[in-house]
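A.B. asks: Right, I'll just put the structure down here and ask away after.
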Amino acid sequence: MCNNENTDCRCISEILTVICVLQQNATCNEACLDTCDRGFLGCGTTSINCNTRPIMLYTCCGNGTPWTMPTTKTDGTCGDDGVTCSSVFRIEKIDGCCATFRVLAPNPDTTEVAVIPYVATNSFFTMNLNCVCTLRCLQDTFVECI
């Protein structure tokens with residue numbers, strides 16, 4: 001994937017499509033290469049099945065800063081007082097060069113953070129993948145209420 005030199009969104013779109021399909025058919029597998037487009041979700045030695053490959057997005061004009069979005073459906077934007085934001089997302093839907101992401105928040109239950117590092121939010125956004133130049137995959141995990 002992503003070996004061709006093109007100016008459209010195919011590279012990011014192809015990887016996100018793989019991740020989306022994997023999440024829909026999630027099973028836990030122990031051995032893996034640690035790449036975004038590996039063909040299965042792996043969750044290490046935990047007994048919880050993985051259902052999410054958390055990702056971080058970097059826009060072409062973001063100067064190396066990860067994309068952030070509010071963790072709740074509020075009128076505020078990241079940087080406003082009282083608005084909690086996250087830069088970790090779950091791909092929910094992909095349609096050509098448009099992708100819908102769910103914002104994942106850090107797990108507030110500190111006793112479970114090692115096993116379940118993120119919780120699902122009801123905050124979603126759709127992004128034109130032509131704006132994304134870098135995709136960073138985090139360790140596969142289980143997210144409740146998906």
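The numbers here are math on the coordinates, done by the rules we state, and not lab data. Small disclaimer: the values here were computed from a predicted structure and weren't measured. Methodologically, a virtual Cβ is constructed for each residue, glycine included, from the backbone with ideal geometry; neighbour enumeration extends over all protein chains shown.
A.B. asks: About its Cα centre, what dipole magnitude does the range 10-137 give when the only charges are +1 on Lys and Arg Cβ and -1 on Asp and Glu Cβ, stated in debye to the nearest 20?
C.D. replies: Magnitude of the dipole: close to 260 debye.
A.B. asks: Pairs of alpha-carbon atoms within less than 8 angstrom and 6+ residues apart define the contacts here; what relative contact order does the range 10-137 have, in percent?
C.D. replies: It comes to 25 percent, rounded to a whole number.
A.B. asks: What number results when the radius of gyration of the range 10-137, computed over Cα atoms, is divided by 2.2 N^0.38 Å?
C.D. replies: Taking N as the residue count of the range 10-137, the ratio is 1.07.
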